[in-house]
Amino acid sequence: MGWCKARRGAKPGSAHRAGRIGRMSQSNLLGPPPVRLPVDPAAAELAAGESPDQVVRRRPTSSLAWAELAEAALDRGDDVAGYAFARVGYHRGLDMLRRNGWKGAGPIPWNHEPNRGFLRSLSALGQAAVLFEEAEEADRVRAFLLDADRDIPAELLF
């Protein structure tokens, strides 16, 4: 049934309301709201001095634990392991973002501590891509980081 036919027979004044999908709000005009991930239990374990490899065995969905493994591998010159760990942390983070309302675009603020595991994994992925001389991947990762948060720390932008 077309919109005009739907209006016929409606109560006076209700047709306009019935045709409205929803109110536009300022947030609708500005894009999706920032995603704020829940606290990662691995963060406390890592802060207490547990090794990332032990933490990731218990908490394989933790982007933070994978980011720490990736960064350590890159720091010791193992770009292949760094890339692999970063890729896992990135994908685990995407899963968590989606479960928390992210639709593939929108802010992922660095200043929200639980988001940092994902953003660090993404940065490590870009750093490994640079080491592999995979320029297109490195450019995509850098753009993703800047889209996630324009105020992302410079040291994450490789």
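Specify whether the C-alpha gyration tensor of the stretch 41-157 places it in the rounded, prolate or oblate class, a ≥ b ≥ c being the square roots of the eigenvalues: rounded for a/c under 1.5, otherwise prolate if a/b is larger than b/c and oblate if not. Cα axes put the stretch 41-157 in the oblate bin.
What GluC sites (Glu not before Pro) in the stretch 32-140 are in a loop by DSSP, with at most 12 other Cβ atoms within 10 Å of the Cβ? Spell out each step's value before the answer.
Working: sites: GLU45, GLU50, GLU68, GLU71, GLU133, GLU134, GLU136, GLU137; in loops: GLU50, GLU133, GLU134.
Passing both the DSSP loop test and the Cβ count: GLU133.
Restricting the trypsin sites (Lys or Arg not before Pro) of the stretch 47-139 to loop positions (DSSP other than H, G, I, E, B) with no more than 12 neighbouring Cβ atoms within 10 Å leaves ARG76, LYS103. Applied to the stretch 86-103, the Karplus parametrisation 6.51 cos²θ - 1.76 cosθ + 1.60 on θ = phi - 60° returns per-residue 3J(HN,Hα) values of 5, 4, 5, x, 4, 5, 5, x, 4, 4, 5, 4, 5, 5, 10, x, 6, 10 Hz, with x for Gly and Pro. Please report how far the C-alpha centroid of the stretch 126-158 lies from that of the stretch 89-117, rounded to the nearest whole angstrom. Each part's Cα centre sits 16 Å from the other's.
What does a probe at ASN111 reach in the stretch 128-156, counting residues whose amide N is under 20 Å from the point 7 Å along Cα→Cβ? Under 20 Å, as judged by backbone N against the label point of ASN111, lie 145-156 of the stretch 128-156. Label positions at ASP139 and ASN100, each projected 7 Å from the Cα along the C-beta direction, are separated by 3.1 nm.
The HN-Hα couplings worked out from phi for the stretch 60-74 by the Karplus form 6.51 cos²θ - 1.76 cosθ + 1.60 (θ = phi - 60°) are x, 8, 7, 5, 5, 5, 5, 4, 5, 4, 4, 4, 5, 5, 5 Hz, whole numbers, x standing for Gly and Pro.
Values quoted throughout were computed directly from the atomic coordinates according to the rules given, and no laboratory measurement underlies them. Since we're looking at a predicted model, the values are computed, not measured. Note that each Cβ is placed from the backbone with ideal geometry, even for glycine, and that neighbours are counted across all protein chains shown.
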